[in-house]
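Only one structure is covered here, and it is reproduced in the block below.
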């Protein structure tokens, strides 16, 4: 991770050794789905896990079923917090450079599925508040993301302008914000195995997927154990995943 670029712009796209984690998860998602739908139909329809993810929208699933599927899928990938551990191992060195040796991570890794033309997307927003400004979000695509299949994000300088625009009580101000964002927001191409890390105070949004394949992505947050929390705190929302010797010594002493 390029920390100089991150501190300058508020975000960074980098290529850690995440590809094996993504490939393993993609196969697990494929296998999980085979058990929850007609397995013969799934196997006939798709060549492999990557083909399945990109063409998931070809399955005829009702909206009620897809919502239930998302819930069950989230429970599955977060079982025993194994996925969180896998991701942390890849990002550990970068996270220590940013946060120091005492680190907490989001307990439940978020998974998002957005089929072509799916209108269930968030408008332009930032995570902090209500999240803490002391967190970093990691957006991890499970498929190659390009064009509107990507996340739109702006840099820190433009972020200040958008923040000011949100504070101004003007008629049709949100339309002005959308125009500004359309001009400066970047839809960076991010391939499977790459990671987008961004500060929680940065405005961003996921556009409606106008491509012909489905968007799958993970999102999770990390922060320093002792930095301020937002409304989502420790230990309800975050899990301690790394602690310094000093913190361990203190925990043992206070038992």
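Looking for whichever is surrounded by 13 or more Cβ atoms within 10 Å (Cβ to Cβ) and closer than 19 Å to residue 151 by Cβ here; the options are 102, 2. Which one fits?
None of the others qualify; the one that does is 2.
Scan region 74-81 and give yes if some residue there is assigned to a loop (DSSP other than H, G, I, E, B), free of Cβ contacts under 8 Å to residues at least 60 places away in the same chain and closer than 19 Å to residue 18 by Cα, otherwise no.
From region 74-81, those assigned to a loop (DSSP other than H, G, I, E, B) are 78; that's our starting set.
Those left that are additionally free of Cβ contacts under 8 Å to residues at least 60 places away in the same chain: 78.
From what is left, the residues that are closer than 19 Å to residue 18 by Cα are 78.
Yes, there is a match, as at least one residue in region 74-81 is assigned to a loop (DSSP other than H, G, I, E, B), free of Cβ contacts under 8 Å to residues at least 60 places away in the same chain and closer than 19 Å to residue 18 by Cα.
Collect the residues in region 159-188 that are touching a helix residue (DSSP H, G or I) at 6+ places or on another chain (Cβ under 8 Å) and in contact (Cβ under 8 Å) with a residue 40 or more places away in the chain, keeping them in residue-number order.
Answer for region 159-188, where residues must be touching a helix residue (DSSP H, G or I) at 6+ places or on another chain (Cβ under 8 Å) and in contact (Cβ under 8 Å) with a residue 40 or more places away in the chain: 162, 177, 181, 187.
If you scan region 1-51, which residues turn out to be in contact with a strand residue (DSSP E or B) (Cβ under 6 Å, 6 or more places away or on another chain), in a helix (DSSP H, G or I) and in contact (Cβ under 8 Å) with a residue 12 or more places away in the chain?
Hit for region 1-51 is 6, nothing else.
Kindly indicate the residue of region 200-209 that is in contact with a helix residue (DSSP H, G or I) (Cβ under 9 Å, 6 or more places away or on another chain) and closer than 23 Å to residue 224 by Cα and also surrounded by the fewest Cβ atoms within 10 Å (Cβ to Cβ) among those meeting that condition.
Per the criteria, the residue is 201.
crowded, with 19+ Cβ neighbours inside 10 Å, assigned to a helix (DSSP H, G or I) and at pLDDT 95 or above: does that describe residue 96?
Numbers: crowded, with 19+ Cβ neighbours inside 10 Å: no; assigned to a helix (DSSP H, G or I): yes; at pLDDT 95 or above: yes.
Spelling it out, it is not the case that residue 96 is crowded, with 19+ Cβ neighbours inside 10 Å, assigned to a helix (DSSP H, G or I) and at pLDDT 95 or above.
If I go through region 156-199 residue by residue, how many of them are assigned to a loop (DSSP other than H, G, I, E, B) and surrounded by 16 or more Cβ atoms within 10 Å (Cβ to Cβ)? I'd like the intermediate steps shown before the answer.
Step one: list which residues in region 156-199 are assigned to a loop (DSSP other than H, G, I, E, B), which gives 168-172, 185, 188-189, 191-194.
Still in the list and also surrounded by 16 or more Cβ atoms within 10 Å (Cβ to Cβ): 185, 192-194.
So the answer is 4.
Kindly list the number of the only condition in (1) assigned to a helix (DSSP H, G or I); (2) surrounded by fewer than 21 Cβ atoms within 10 Å (Cβ to Cβ); (3) at pLDDT 95 or above that fails for residue 91.
Every condition holds for residue 91 apart from (2).
Does residue 198 satisfy the criteria of being in contact with a strand residue (DSSP E or B) (Cβ under 7 Å, 6 or more places away or on another chain) and closer than 30 Å to residue 116 by Cα?
yes
Keeping to region 52-64, report how many residues are in a helix (DSSP H, G or I) and more than 23 Å from the chain's Cα centre (by Cα).
2
Looking at region 205-230 only, could you name the residues that are within 18 Å of residue 142 (Cα to Cα) and part of a loop (DSSP other than H, G, I, E, B)?
Within region 205-230, 206, 207, 208, 209, 210, 211, 212, 213, 214 qualify.
Conditions: (1) outside any helix (DSSP H, G or I); (2) touching a residue at least 12 places away in the same chain (Cβ under 8 Å); (3) at negative phi. Residue 120 meets all but one. Number of the miss?
Single failed check for residue 120: (2).
Would you please name the residue that is farthest from the chain's Cα centre (by Cα), looking only at residues in region 116-150 that are farther than 22 Å from residue 10 by Cα and surrounded by 18 or more Cβ atoms within 10 Å (Cβ to Cβ)?
So the residue we want is 143.
Looking at this structure, is residue 229 within 19 Å of residue 84 (Cβ to Cβ), touching a residue at least 60 places away in the same chain (Cβ under 8 Å), exposed (fewer than 15 other Cβ atoms within 10 Å of the Cβ) and within 20 Å of the chain's Cα centre (by Cα)? Outline the logic, then answer.
On the way: within 19 Å of residue 84 (Cβ to Cβ): yes; touching a residue at least 60 places away in the same chain (Cβ under 8 Å): yes; exposed (fewer than 15 other Cβ atoms within 10 Å of the Cβ): no; within 20 Å of the chain's Cα centre (by Cα): yes.
Taking the combined requirement at face value, the residue does not satisfy it.
The values are calculated or read from the model by the stated rules, or taken from the named source; none is laboratory data. None of the values given here were measured: they were computed from a predicted structure. Cβ atoms come from the backbone with ideal geometry, glycine included; neighbour counts cover every protein chain shown.
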